[in-house]
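The values are calculated or read from the model by the stated rules, or taken from the named source; none is laboratory data. What you see is a predicted model; the values in this text were computed from it and never measured. Cβ sites come from the backbone with ideal geometry, for glycine too, and all protein chains shown count toward neighbours. Just so you know, the surface numbers come from the protein's heavy atoms only, side chains and all, with ligands and any DNA or RNA stripped out. Shrake-Rupley method; radii C 1.70, N 1.55, O 1.52, S 1.80 Å.
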Amino acid sequence: MTLLTAVKVKHYFGGLCAVSDFNLQLHYGDLMGIIGPNGAGKTTIFNLITGVYRASEGSIRLRNTELVGKTPHQITALRVGRTFQNIRLFRDLSVLDNVRIAHYAQADYSPLEALLHIGRYRREEQRIIENSQRLLAIFKLEHLAGETAKNLPYGLQRRLEIARALAIGPELLLLDEPAAGMNPNEIDLLMEFIQWIRTEFKLTILLIEHQMKLVMGICERITVLDFGETLVEGPPEVIQNHPKVLEAYLGEGPVG
Amino acid sequence: MSESIVYWLQQTLNALQLGSIYALIALGYTMVYGILTMINFAHGDVFMVGAFFCFIAAVYLGLPFLPTLLLTMAGAALLGVLIERLAYKPLRNAPRVSAIITALGLGLFLENFTLALAPYPKHIPALLENVTWDLGGVSVSSLQIIIICLSLGLMFLLDYVVHRTPVGMAMRAISWDKTFVPLMGVPVDLIISVTFAIGAGLAGAAGTMYALAYPVIDPYMGIMVGWKAFISAVVGGIGNIRGAMIGAFILGGVEIMVTAFFPSTYRDFVAFSLLLLLIVIRPYGILGKPRTQKV
Amino acid sequence: MSALLRSGWEWFIAQRWLMMVFLIIGFVLAFAIPEYNLLNKYVQLVMMYVGINIILTVSLNLVNGYMGEFSLAHAGFMAVGAYTAALLTQKVLPIAAHPWLFPLAVLMGGLVAAVLGLIVAVPSFKVRGDYLAIITLAFLMIVKSVIENIDYIGGPRGIPGIKKLTTLPWVFFWVVVTVWVVRNFVYSKYGRGVLSIREDEIASDLMSVNTRRVKFMAFMVSSFFAGIAGGLFAHLLQFISPRVFDIIKTTDVLIMVYLGGIASIGGSILGATAYTVLLELLRPSTVAAMLAWLPAMVFDPLNEYVISHLGVWRMVIMPLLLVLVMLYWPRGIMGLREFRWFVPKRDMEAHHCLNKPTGGSHDAADGR
Ligand SMILES: Nc1ncnc2c1ncn2[C@@H]1O[C@H](COP(=O)(O)OP(=O)(O)O)[C@@H](O)[C@H]1O
Ligand SMILES: [Mg+2]
């Protein structure tokens, strides 16, 4: 069963064509990687899927819903969670609030109930707190619930960002360079962790990564992007030795 | 010439006069914004203090026009630098609103301090002999000519300084990038102070000219004129020096035309409605560039 | 000793039920003070202004502090509320026969202001920061000039002779309502949405926050209470004109917000009270009355050279004070911190179940 399909997606920034012809089919439970040199348009694709930008052409469908034209919060409410290449936490808010905010769409109470703290407000708030604490506990952040997000060390901030994305209750999780800034040891842990949350939360994961070790290690399929175009797609073994890929990477100099 | 053309020419001249004063002040807003991305809300009051410096120089020191102008500009520049050093510099890394609030507070302080020293509106004596010529029905006063020419002169000078001199290059570099330029040996603090000095000096010049054109001055005169100049800067695209000049002449024109055809109480209404309209259509101003945020 | 004081304070702060007690005492006092003239008329008047300023400050803090926008429109909303309420009591409602209609007039003022708040919220979808500041300023100026150009409501001359219907109990009532509703709003998913917009609007949208709806609500609640304050203000001052609601009025409220601290209801109450009371204390008559116990040989010269000039100089001192606060205390007295009694118990416990207090946003702060 397909969860996400992108067909002939194109995107321009002014005159610059950041994504020229992107195609993708993602099945429930897949773990797919997107690789490609810097500036290839990988992050832009995440932004197109989540509605930050509106695709200039083409179609992106989640289950049976067209995503092009929807706003980010509408798409997110369709259970798409994501993290960012450069961490974008709510820096001055507490760790707990960072996770609670992501429950916005699920919190089932009206403005009036919120202004008067009546009706479903109490029950829902209680549920949100419990779910947030459960997530924080899974990510071993529960003792930091009251800490301001910006005071967390870098690694924990990355972790909190994933926890926050999971608070959406996603079926599709988009991870933008989750291993950035990590040492080989931490990458090993992250690989294990990604596989664990994948089964635990029944996720379909699409991840962008430069660290070949991670991509080749856990992704079942990999899409190589160059100049906004899908170069090749296939399992890691195929990608690793594909002449086009080597050319794209060697032509670009070191990966980074 | 026909009646209506004469009338239009006359109004255009008035608009140019008002526009040049707005432009001189708008430049200060836009320069400071360009370099610090901060709205210096006290700037309108620097203009007001400039008008009072002009009063002091003209009445107490009995100076003629040119020394008065230069003294006023120097005094305003000094005030600008003082404000920057004492109030804004310590806040450069604080949350942005702190600086804005400080600026608002400083503006109030300047207004009320001036009010405490000069409780009644002051009258500025005529520093220049004002000759009025009649050019085919359009009356042109020498004062108008001087104001317009002097303002334009100062603007061209500034444009030259910003685009052709090392100091100007440093200014543009800092407004372009705040992380790496300081590492390349650009004396950031000095350049920021120079920016404030130039902006305030121009406001001082505007104060002098305003005082000559509309010779009754009071401590609250800077509020409205300041806001109008600020709108000019925004209309032109804040941070953009040429934009500020264009915006000022547009606003001056609009205001003069509105008062020419409607009751004068509609002036602010039309000016601010136009501003709203422009922001909705072109939020980054006429010459400004849209700033996109990368995700 | 100080440890003892500290633990005593901790204990005191933990007794949330005391809030109800204080509330009841407050209401009783609000009725008793004017009834039995427990305090002189001037002090009562100042108390009412403090109350109105608290309403203004708390409501502006919602947009400027919690949401991190820079709105200058507050005096405009206040004007709309004031004019609506005053017109209702002066021309429409039979107030003379039914003084209890007054709250209805005030409420209507708030509602009309709230509708206008919705309109101001629309540009905030597209622009932020400085540009939004300008739009709100333009809104304020437009409101002012529209009022100036309508003769029916007095044009530039305004409305004189408004009945004095604002009383201490009413002010107290509206202060309580404002604080309660704004606090409820802040500690709900919408309030957290407001905070997340301040932090990072795009990320907020990507975390499922309906940013438009949240902005609508924040502006609406904020302008509603500004309108309420306007109605109370009009029926206290008994005279309104467009000039009363100019940019200086907004600046006053801004000062109170940032003095007290952004994103803090307790801070706003503190800021509004401190600013209003300080301004009053610096009045020549007040200072003279306070120092009257001095021997004449000290008092007379002091009075002649200093006190009698305070009328102007207090307006010089106050902004200077603000600048000093900003320089040494850039977030205001209680910026990003909250008085514990205002934080719902559920939120407190969730933040503290497993660790000691830290500097987090919803973190407890002692009232100082
Ligand atoms: N908001 C934007 N405005 C203009 N150009 C952009 C924007 N975002 C990305 N780009 C450009 O689009 C191209 C692809 O960027 P991106 O998707 O971030 O690449 P990457 O594959 O490294 O994630 C780059 O050339 C980048 O400069
Ligand atoms: Mg990227």
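Values as computed for the structure displayed
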| read-out | value |
| --- | --- |
| Candidates A:VAL68, A:VAL9 - the one that is more than 14 Å from ligand 2 (Cβ to nearest atom), more than 13 Å from A:LEU172 (Cβ to Cβ), modelled with pLDDT of 90 or more and in contact with a Ser or Thr (Cβ under 7 Å, 6 or more places away or on another chain) | A:VAL68 |
| Filter result (open to solvent by 10 Å² or more (accessible area, probe 1.4 Å) and among the hydroxyl-bearing types (Ser, Thr, Tyr)) within the range C:153-168 | C:THR167 |
| Candidate set: the range C:169-202, residues that are in contact with a Lys or Arg (Cβ under 9 Å, 6 or more places away or on another chain) and more than 9 Å from chain A (Cβ to nearest Cβ); chosen: the one surrounded by the fewest Cβ atoms within 10 Å (Cβ to Cβ) | C:GLU201 |
| Candidates B:GLY207, B:GLY168, B:GLY243 - the one that is among the small types (Gly, Ala, Ser) and within 26 Å of C:LEU132 (Cβ to Cβ) | B:GLY243 |
| Residue match in the range A:91-98 (condition: within 16 Å of ligand 1 (Cβ to nearest atom) and surrounded by fewer than 24 Cβ atoms within 10 Å (Cβ to Cβ)) | no |
| Candidate set from the range A:161-194 (those that are touching a residue at least 60 places away in the same chain (Cβ under 8 Å) and farther than 18 Å from A:THR76 by Cα); member that is farthest from ligand 2 (Cβ to nearest atom) | A:ILE194 |
| Of all residues in the range A:192-218 being open to solvent by less than 10 Å² (accessible area, probe 1.4 Å) and assigned to a loop (DSSP other than H, G, I, E, B), the one that is nearest to A:ALA167 (Cα to Cα) | A:LEU203 |
| Single residue of C:ALA234, C:ALA218, C:ALA229 found to be under 12 Å from the mean Cα position of the chain (by Cα), at pLDDT 95 or above and part of a helix (DSSP H, G or I) | C:ALA229 |
| 2 or more residues in contact with a helix residue (DSSP H, G or I) (Cβ under 8 Å, 6 or more places away or on another chain) and facing chain C (nearest Cβ under 10 Å): qualifying helices (runs of 4 or more DSSP H) within the range B:194-295 | B:221-236, B:267-281 |
| The range C:314-342: number of residues that are within 14 Å of chain B (Cβ to nearest Cβ), part of a helix (DSSP H, G or I) and of a type in the set (Phe, Trp, Tyr) | 1 |
| Residue that is farthest from ligand 2 (Cβ to nearest atom), among those in the range A:20-42 that are within 14 Å of chain B (Cβ to nearest Cβ) and crowded, with 21+ Cβ neighbours inside 10 Å | A:GLY41 |
| Filter result for C:PHE27 (open to solvent by 100 Å² or more (accessible area, probe 1.4 Å), farther than 15 Å from C:ARG340 by Cβ and in contact (Cβ under 8 Å) with a residue 12 or more places away in the chain) | no |
| Residues that are of a type outside the set (A, V, I, L, M) and either open to solvent by 40 Å² or more (accessible area, probe 1.4 Å) or more than 16 Å from ligand 1 (Cβ to nearest atom) (or both), drawn from the range A:170-191 | A:PRO170, A:GLU171, A:GLY181, A:ASN183, A:PRO184, A:ASN185, A:GLU186, A:ASP188 |
| From the options B:LEU106, B:LEU157, residue that is surrounded by 14 or more Cβ atoms within 10 Å (Cβ to Cβ), in a helix (DSSP H, G or I) and modelled with pLDDT of 90 or more | B:LEU106 |
| Failed criterion for A:ILE45 (all others in (1) open to solvent by 10 Å² or more (accessible area, probe 1.4 Å); (2) within 16 Å of ligand 2 (Cβ to nearest atom) hold) | (1) |
| Residue in the range B:16-38 that is open to solvent by less than 10 Å² (accessible area, probe 1.4 Å), within 14 Å of B:TYR210 (Cα to Cα), touching a strand residue (DSSP E or B) at 6+ places or on another chain (Cβ under 6 Å) and away from every other protein chain (no Cβ under 14 Å) present | no |
| Single residue of the range A:63-83 satisfying the filter (surrounded by 21 or more Cβ atoms within 10 Å (Cβ to Cβ) and in contact (Cβ under 8 Å) with a residue 40 or more places away in the chain) that is nearest to the other protein chains (Cβ to nearest Cβ) | A:THR76 |
| Helices (runs of 4 or more DSSP H) completely within the range C:244-313 that count 1 or more residues being farther than 30 Å from C:GLY68 by Cα | C:265-281, C:284-290, C:296-305 |
| Answer from A:GLY81, A:GLY69 - the residue that is at positive phi and more than 16 Å from ligand 1 (Cβ to nearest atom) | A:GLY69 |
| Extreme residue, nearest to the chain's Cα centre (by Cα), among residues of the range B:73-92 that are facing another protein chain (nearest Cβ under 9 Å) and open to solvent by 20 Å² or more (accessible area, probe 1.4 Å) | B:LEU86 |
| Per-region count, the range A:106-151, residues within 11 Å of another protein chain (Cβ to nearest Cβ) and either outside any helix (DSSP H, G or I) or of a type in the set (Ser, Thr, Tyr) (or both) | 14 |
| Residue check for A:GLY15: within 16 Å of ligand 1 (Cβ to nearest atom), free of Cβ contacts under 8 Å to residues at least 12 places away in the same chain and not aromatic (Phe, Trp, Tyr) | yes |
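Matching residues to (1) more than 30 Å from C:ASP200 (Cα to Cα); (2) at pLDDT 85 or above; (3) away from ligand 1 (no atom under 16 Å from the Cβ); (4) not β-branched (Val, Ile, Thr):
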position	(1), (2), (3), (4)
B:ILE246	yes, yes, yes, no
B:VAL254	yes, yes, yes, no
B:VAL258	yes, yes, yes, no
B:SER264	yes, no, yes, yes
B:LEU275	no, no, yes, yes
B:GLY285	no, no, yes, yes
B:GLY288	no, no, yes, yes
B:LYS294	no, no, no, yes
